[in-house]
Structure formats: C-alpha cells, structure tokens
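Nothing in this text is a laboratory measurement; each read-out follows from the coordinates by a stated rule. Since the model is a prediction, treat every value here as computed from it, not as a measurement. Here the Cβ is made from the backbone with ideal geometry for all residues, glycine too, and neighbour counts use every protein chain on show.
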Amino acid sequence: MRMLITGGAGFIGSHYVRTLLSGGYPGYEDAEVTVFDKLTYAGNLANLAPVADDPRFTFVRGDICQAADLDAALPGHDVVVHFAAESHVDRSISGASGFVLTNVLGTQQLLEAAVRHRVERVVHVSTDEVYGSIDEGSWTEDHVLEPNSPYSASKAGSDLLARAYAQTYGLNVSITRCSNNYGPYHFPEKVIPLFVTNLLDGEKVPLYGEGANVRDWLFVDDHCRGIQLVLEKGGPAEIYNIGGGRELSNRELTEMLLEATGRDWTYVDHIVDPRGGGHDLRYSVDYSKTAALGYTPRMSFEEGLALTVQWYRDNRSWWEPLKASAGTALG
Ligand code: NAD
C-alpha cells in the first residue's frame with residue numbers, strides 16, 4: 001500500500017508519519033509513505049528526522065494549490081491523509097487570504113486530483129472549530145456549522161468540499177473533526193508550547209483576559225489513532241468527531257503549566273483577546289460515533305502534559321530556532 005500524507009512535516013501529520021513508519025498501526029507495517037508538504041513556516045523537516053532514512057519514506061516538496069505538483073506526486077498512491085492547512089487562528093485574523101487559498105482551494109485541488117488519479121481512500125482532517133462555540137453540552141456530527149474565525153470558516157469550507165466530493169464524484173473520503181491537540185513537536189506559537197517554552201526561559205506568558213475560554217485537550221497520539229481508525233473503518237461522506245474528553249479553562253491550563261515549570265502568576269500578562277472575547281468561549285465534542293468504531297483516548301491530560309513539558313525541556317535544539325518566528329498569542 002502507498003500512502004500520501006499532505007502536511008506531513010507539520011505537528012500532527014509528522015506524528016502520524018513517525019507512528020506509521022515505526023509500526024504503530026497494525027496491518028500497515030509495510031505501507032510506503034510519501035509526505036507531500038510545501039514547508040511553510042509551520043512545516044519542518046526536523047519533525048521527520050527520526051524516519052528520514054527509512055526506505056519506505058519519501059519526501060516531496062509540493063503545494064496542494066498546484067494541480068501540477070499533485071499530478072506529479074499522487075499517481076500510484078492508494079490512500080491520502082490530508083493534514084495540510086494554514087492552522088493558526090490568530091494568523092487568520094491578521095490575514096485571512098492565505099487561509100482561504102490553502103484550506104479551501106488547496107483542499108478542492110487535492111480532492112480533484114484524488115478523483116483524477118482514482119485514489120481508493122481519503123481522510124480529510126478537519127476541526128471542531130467548524131461548529132463555533134457551545135455553552136452547554138457537546139456537538140454531535142450533525143450539529144449546525146457556525147465557524148467564527150477566518151481559520152474555522154476556511155476549514156468548514158474544506159470540510160464541506162470533502163463531503164461534496166464523496167456525494168458528487170463517489171470519492172471514498174471521510175472527515176474527522178478533532179478538538180485541540182497538544183504534544184511534542186508542536187510549533188511554539190500555539191498556547192501550550194508557547195507557554196512552556198516562555199516559562200522555561202523565565203519569560204512571561206500572554207493569557208487572554210481571565211482565561212475563561214474552555215478547550216477540550218487531545219493528546220496528538222490519541223488523535224492520530226482516531227484518524228487511523230477512521231481510515232480503516234470509516235464510511236464515505238461520514239464525519240467523525242475525535243475528542244480527548246478533558247475540558248479545561250485556559251486559566252486552569254495556565255495554572256498547571258506554571259506548576260509544571262516552577263513559576264507563579266507573576267509570569268502571566270493578561271491581554272485583550274483579538275477574537276473579541278465572547279467568541280468561541282467553549283469547545284466540546286461528543287465523540288460517541290467514533291467510539292463506536294473502537295476509539296477511546298488513552299492518555300490522561302496530567303500524564304500527557306508532563307510528557308510534553310519534559311519533551312520541551314529535552315529538545316531546546318528543536319524549538320529555540322523556531323522561537324524567533326513564533327507569534328505571541330494563543331492558538
Ligand atoms: P501545522 O500548522 O503544524 O502543519 C501544517 C502543515 O501543512 C505544515 O507542514 C505546512 O508546511 C503544510 N502546508 C501548509 N500549506 C500547504 C500547502 N499549500 N501545500 C502543502 N503543504 C502545506 O498544523 P497541525 O497542527 O499539524 O494541523 C494539521 C491539521 O489538523 C490541519 O488541517 C488543522 O486544521 C487540523 N487541526 C489541528 C488542530 C490542532 O490542535 N493543532 C486541531 C484541529 C484540527
């Protein structure tokens with residue numbers, strides 16, 4: 001089997017690729033893997049260094065917006081897992097065009113190429129942010145889409161295109177909508193790696209308002225197992241929520257990160273939320289449909305956070321060069 005992984009040099013995609021090539025997904029030990037990635041600021045070949053010498057691994061630098069790049073890379077692949085995207089909400093607020101281009105047009109080009117080259121199976125990685133914000137309860141997959149940021153609107157566009165390519169062209173594509181990921185190799189502009197690396201360096205961290213926003217945290221390895229399960233057992237045009245089952249306000253999260261790094265609240269600056277505060281106060285997914293396929297998150301947040309903080313302590317050579325280009329706001 002040949003698999004093409006778009007965005008495989010990013011945070012989640014590279015975790016999926018490293019796990020796949022280390023035999024982490026039973027039945028896929030012989031899979032040949034092509035990472036197709038534009039290497040934007042978020043793409044990093046260092047994320048793939050552990051598998052770079054694997055004979056089953058190939059890297060192709062390419063842009064999902066370019067049909068010619070896709071036509072050169074895609075033929076002969078049986079499976080596509082589509083991670084490539086512009087992924088940082090705050091960057092989408094200061095400049096939305098690149099998000100629409102990559103996430104909407106790029107995904108449409110990829111889906112079109114998958115039809116053209118008769119790819120047997122596609123998984124499109126979407127986000128729970130397409131649902132908007134929920135005060136109480138949790139979203140099921142049939143909940144109305146009410147995205148609030150240019151990022152989430154562009155992801156909603158790509159998510160709906162994936163469904164349309166299943167319905168219109170018979171493409172065997174499933175869609176996953178996951179909650180906030182965390183773990184090693186996370187670019188230090190997103191809240192957990194930004195806070196951890198700032199605090200390790202004795203620098204302050206920027207908390208939006210009082211930190212009332214609630215997020216459901218999902219360890220990246222649990223997310224990737226969920227994607228693999230959907231790849232193997234999901235149906236065409238079907239949507240699957242993937243959650244971690246652990247909701248925390250940003251204030252609670254900050255408290256845990258201060259404790260893990262031996263700092264206190266004097267290291268926290270309260271700043272104004274560029275998203276307008278009230279938007280996306282809480283995210284919460286109901287993942288019972290994916291659980292019915294066999295999904296359950298394995299990593300407790302305490303254990304996952306401790307592992308993640310330790311990884312950042314041990315891997316300064318990975319994140320220090322990236323810090324210069326990192327933003328200062330929450331993901
Ligand atoms: P990331 O920003 O770390 O990685 C994105 C990757 O896509 C990078 O390697 C980048 O170089 C590549 N890329 C960007 N534009 C491209 C293009 N035009 N052509 C080819 N490659 C391109 O993102 P991530 O956090 O790993 O997220 C992966 C996917 O999961 C995204 O689709 C994102 O929307 C989704 N998601 C992420 C989270 C999260 O918490 N990180 C939550 C929900 C959903």
* Structure fact -> Once both label points are put 7 Å beyond Cα along the C-beta direction, the ALA212-LEU281 separation in nm becomes 0.6 nm
* Structure fact -> With +1 at each Lys and Arg Cβ and -1 at each Asp and Glu Cβ, the charge dipole magnitude of the range 34-117 around its Cα centre, to the nearest 20 debye, comes out at 80 debye
* Tell me the label-point distance for the pair LEU105, ARG313, using the 7 Å Cα-to-Cβ offset, in nm and rounded to one decimal. => 4.7 nm
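Would you mind getting me the FRET efficiency between ASP135 and GLN167? Use the beta-carbon distance for r and R0 = 41 Å, nearest 0.05. Please report the intermediate quantities before stating the final value.
Values: r = 32 Å, r/R0 = 0.78.
So the FRET efficiency works out to roughly 0.80.
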* Asked: Pulled fully out, how much extra length does the chain show between LYS323 and LYS233, if you take 0.36 nm times their separation in residues and subtract their Cα-Cα distance?
  -> 28.5 nm
* Structure fact -> Using alpha-carbon coordinates alone, the radius of gyration and Dmax of the chain in Å work out to 18.8, 57
* Any idea how far the Cα center of the range 36-55 sits from the one of the range 74-147, in Å? -> 21 Å
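If you place +1 on the Cβ of every Lys and Arg, -1 on the Cβ of every Asp and Glu, and leave all else neutral, what size is the dipole of the chain about its Cα centre, to the nearest 20 Debye?
On the way: 27 positive and 44 negative charges, 117 e Å.
It comes to approximately 560 debye.
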* Please compute P(r) over all alpha-carbon pairs of the range 1-139, binned at 5 Å starting from zero, and give each bin as a whole-number percent. => 2, 10, 19, 22, 19, 14, 8, 4, 2, 0
* Determine which residues of the range 78-98 fall in the zone a paramagnetic label at LEU160 would reach in this model, i.e. backbone nitrogen under 19 Å from the point 7 Å along Cα→Cβ. => 86, 96-98
* Farthest positive-ward along the chain dipole, Cα basis, beta-carbon charges - from THR107, ALA291, TRP318 -> THR107
* So what is the calculated 222 nm ellipticity per residue for the chain, using -39500 (n - 2.57) for each DSSP H run with n of 4 or more, over all residues, to the nearest 500 deg cm²/dmol? -> -10500 deg cm²/dmol
* Structure fact -> Sorted largest first, the Cα spans of the range 148-203 on the principal axes come out in Å as 54, 23, 14
